[in-house]
Each structure stands twice: as structure tokens, then as C-alpha cells.
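Have a look at the structure below before the remarks.
The values are calculated or read from the model by the stated rules, or taken from the named source; none is laboratory data. In this text, all values refer to a predicted model and were calculated from it rather than measured experimentally. Glycine also receives a Cβ, built like all others from the backbone with ideal geometry; neighbour counts cover every protein chain displayed.
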Amino acid sequence: MGRNKEFDYEQKLDIALELFWTQGYHVTSITDLEREMGINRSSIYPTYGDKKALLLKCLTKYLKAKVAEYAAISGGDHSDAIEDLRKIFRLAVDQSIKEGRTCLAVKMAFEIALSDEDIRRVLLGNEKKIEEIYLKVLESGQEKGSVKADLNAKLTADFFAASSSALFKNYALNKNRKAVYDMIENLISMVKA
């Protein structure tokens, strides 16, 4: 008869997520995961899979939460598209500032996505969701007249999603929130009617 798991699945997943986020995927070993999660590999493997499978579970959880946060900002019928864009960009930057580190998705994109198709696919799927959020906001703004009517909303949504990574990078290098906020305002000015 199998032994019951005596740990909280989500809590241990959060610990693994923090470790991958802090150390990166390649530096984090199974031994590190055992030590930090407080469970041994004989519990990790059947519960979460190998190290890559565990990272995929962590990424999926993280990305789902981030998309939900951004989607919650991109409000309903009475929402102001320009203000929603500002809030989405600032949320992304402010979280990095508060946490003292870049977005986990950005970190994994640069560390492992080029060499691992599964990670790339998960991150690309997330990027598409972020693009859809920007697209929804831009199209709403076009309908209400606050965003330029002749703007290519799809291309701009893709550009805005990509620009978020550049904003993270800029803050990480310069540690200047005002400069990043000014860049956000410049991005928004490009679409404002």
C-alpha cells in the first residue's frame, strides 16, 4: 500500500517557483529543490515529474496568475483604454520593482526558451494571451475614440507585449522608475487619439 503524501502540493510548488526564479533553471539542482521544498526526490518525481516538468508546472501557475491580473485591469464597458494601458504597463514594472527582480517569464525566455521547445511553447502561449489583452484594450479604445482609429491594433498589441520586456530590462539596468514611466507614457502617446 502506497504512503500518503504529507505535504501541501501548492505550497511546495510555490517554493520551487521561488527557487527557479531566484537561481534560474540551470543553476537549480534537484538537491536544491529537495532542500528548499523539504521533500525528497522520491516524492518530487512522482508528484511533479522531473526538474523540467516541475519548472513547467511553476511557469504555468505563475503565468496564469499574471494573465489574470492583467485581464482584471482591462475593464468593461465603462473602462478608459488609455488608463487601462497605463495600468497594465505600470503593474508589470511595479511588480518587478517591488520584488526586486524581473518577471519570471522574461527570465526563463532568456535563460532557456531558445534551447527548449516545451518552455518556449508555454511562454509563447502566454505572450499570445498578453497580446490579446492589449488588443482588447486597444480595440475598445478605438470604438470609444480614445485610441487612433487608423491604428493597426493587432500589430500594436504585439509591440506592447514585446515592449514590456524592454521596460523590465531598462529598469533592471538603470533603476529609474520615473524614466520607465516616461517610456510608458511615450508608448501610450503613440496610440492616443
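Is it the case that some residue within the range 117-133 is free of Cβ contacts under 8 Å to residues at least 24 places away in the same chain and surrounded by 19 or more Cβ atoms within 10 Å (Cβ to Cβ)? Checked against the condition, which is being free of Cβ contacts under 8 Å to residues at least 24 places away in the same chain and surrounded by 19 or more Cβ atoms within 10 Å (Cβ to Cβ), the range 117-133 yields no hits at all.
Cβ-Cβ distances below 6 Å connect the following pairs, each with a first residue in the range 31-53 that is surrounded by 13 or more Cβ atoms within 10 Å (Cβ to Cβ), a second residue that is of a type in the set (S, T, N, Q), and a separation of six or more residues or different chains: GLU34/ASN40.
Scanning the range 86-109 finds one or more residues that are over 28 Å from GLY24 (Cα atoms), part of a helix (DSSP H, G or I) and either in contact with a strand residue (DSSP E or B) (Cβ under 6 Å, 6 or more places away or on another chain) or in contact (Cβ under 8 Å) with a residue 24 or more places away in the chain (or both). Report yes if ALA172 is small (Gly, Ala, Ser) and either in contact with a Pro (Cβ under 7 Å, 6 or more places away or on another chain) or within 18 Å of THR60 (Cα to Cα) (or both), otherwise no. So ALA172 fails the test.
Within the range 57-78, can one find any residue that is more than 30 Å from VAL180 (Cβ to Cβ) and outside any loop (DSSP other than H, G, I, E, B)? Break it down into steps so the answer makes sense when it comes.
Initial filter on the range 57-78 (more than 30 Å from VAL180 (Cβ to Cβ)): 57, 77.
Cutting the leftovers down to outside any loop (DSSP other than H, G, I, E, B) gives us 57.
Checking the range 57-78: at least one residue is more than 30 Å from VAL180 (Cβ to Cβ) and outside any loop (DSSP other than H, G, I, E, B).
Of PHE159, PHE168, all but one fail to be among the hydrophobic types (A, V, I, L, M, F, W, C), at pLDDT 95 or above and either over 20 Å from ASP80 (Cβ atoms) or touching a His at 6+ places or on another chain (Cβ under 6 Å) (or both); the exception is PHE159. Of ILE88, ILE97, all but one fail to be surrounded by 19 or more Cβ atoms within 10 Å (Cβ to Cβ) and over 23 Å from LYS12 (Cα atoms); the exception is ILE88.
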